[in-house]
Every structure is written in C-alpha cells, then in structure tokens.
1. Taking the residues in region 106-133 that are touching a strand residue (DSSP E or B) at 6+ places or on another chain (Cβ under 8 Å) and of a type in the set (Lys, Arg) as candidates, determine which candidate is nearest to residue 67 (Cα to Cα).
2. Test residue 90 against the stated conditions and say whether it is among the polar types (S, T, N, Q), modelled with pLDDT of 95 or more and within 18 Å of residue 10 (Cα to Cα).
3. In region 11-33, is there at least one residue being among the polar types (S, T, N, Q) and more than 16 Å from residue 131 (Cβ to Cβ)?
4. Quick one: which residue in 71, 1 is open to solvent by 90 Å² or more (accessible area, probe 1.4 Å) and either touching an Asp or Glu at 6+ places or on another chain (Cβ under 8 Å) or touching a residue at least 24 places away in the same chain (Cβ under 8 Å) (or both)?
5. If you go through region 86-135 one residue at a time, how many are acidic (Asp, Glu), assigned to a strand (DSSP E or B) and in contact with a Lys or Arg (Cβ under 9 Å, 6 or more places away or on another chain)?
Amino acid sequence: MAIVELGGAGSWNLKGGSSFGADVAAEITPIENWLELEAGVTPLFTRHSTEWDTDLLFKKPWTVSKKAEFMIGIGPEWVHTRQYGVTTNSIAAEAVLDFMYWPSGKHRFGWFIEPGYEYNFGRGHERSIGISGGLLIAIR
C-alpha cells in the first residue's frame, strides 16, 4: 500500500522571512511497524524567490489507535532556489514529526500535520522550521 499526501506548507527562516506553497509526497512501508519511506516535493514562494525542496525521509511509525498514527523521521533534502534571478542548489538535512488521523478504521482517506526542522549545508547554513498539512489518500 502507498499513501499520497496532498496539502499546503509554510516555512520560516530562523534569521527572518517566511515562504508558503504546496506539499506533495508519497509514502510506502518496506518494513511494517519499523520503517516508512516518504519522498516529497514542496515548492515555496515569496515575493522575490522560489524554492523547490525535494526530500527523502526515513520514518519510524507508531500506531496510537486504529485511527491515529505518529512518526518521527529524518532524511536528506535537495534545495533548488531562484532568488532575484540567481539560481542555487544545495543539500540540507530535515527532521520531522508526522501526525496522521484516519476518520475511518479502513484507512482510505485521512489528514496529516507534519512540523519539521531543516538545516541547509549550503552558503549561509540557513536553518528553518516548517509545517505542512493536508489530505491523505491510501492507494492499495
């Protein structure tokens, strides 16, 4: 089974500034109750820049109840930024908490909220906090 995540995202640089955009990801479970892999893309926009974050997260899941799940994840991220006409690429690390709620026990559709922290290894070593949330769609 795969899970598709569709939603919105916001990011706040710890030195100042914020950006907002969409969030699209797909998640699979290669080792039940031990490992979930999530690959996602988040375009973030401000007045003078566009940033595309592409990540691969390795998550440890916990089942809280038939309707609720919690995960902690870490992983690498590729950051492609275009600011004032200048394009840069860099590598970052990301850590997230993932809360999933499934209204029915069948796990077809649900909701997620995922706060996170990012450390960019590129010039300036930017650090930011972010949050994404939206709809979960299970594909069997």
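1. Of region 106-133, the ones touching a strand residue (DSSP E or B) at 6+ places or on another chain (Cβ under 8 Å) are 107-123, 125-133.
Still in the list and also of a type in the set (Lys, Arg): 108, 123, 127.
Details: 108: 11, 123: 42, 127: 33 Å.
Per the criteria, the residue is 108.
2. Details: among the polar types (S, T, N, Q): yes; modelled with pLDDT of 95 or more: yes; within 18 Å of residue 10 (Cα to Cα): no.
Criteria not met by residue 90.
3. Of the residues in region 11-33, the ones among the polar types (S, T, N, Q) are 11, 13, 18-19, 29, 33.
Then keep just the ones that are more than 16 Å from residue 131 (Cβ to Cβ); that gives 29, 33.
Yes: region 11-33 contains one or more residues that are among the polar types (S, T, N, Q) and more than 16 Å from residue 131 (Cβ to Cβ).
4. Details: 71 fails: open to solvent by 90 Å² or more (accessible area, probe 1.4 Å).
Result: 1 is the single residue among 71, 1 that is open to solvent by 90 Å² or more (accessible area, probe 1.4 Å) and either touching an Asp or Glu at 6+ places or on another chain (Cβ under 8 Å) or touching a residue at least 24 places away in the same chain (Cβ under 8 Å) (or both).
5. Within region 86-135, the subset acidic (Asp, Glu) is 94, 98, 114, 118, 126.
Next cut, assigned to a strand (DSSP E or B) only: 94, 98, 114, 118.
From the residues that got through so far, the ones that are in contact with a Lys or Arg (Cβ under 9 Å, 6 or more places away or on another chain) too are 98, 118.
The number of residues fulfilling the criteria is 2.
The values are calculated or read from the model by the stated rules, or taken from the named source; none is laboratory data. None of these values were measured; they are calculated from a predicted model. Every residue, glycine as well, gets a Cβ built from its backbone with ideal geometry; the counts of neighbours run over all protein chains shown. Quick note on the areas: whole protein, heavy atoms, side chains included, nothing else; ligands and nucleic acids left out. Shrake-Rupley method; radii C 1.70, N 1.55, O 1.52, S 1.80 Å.
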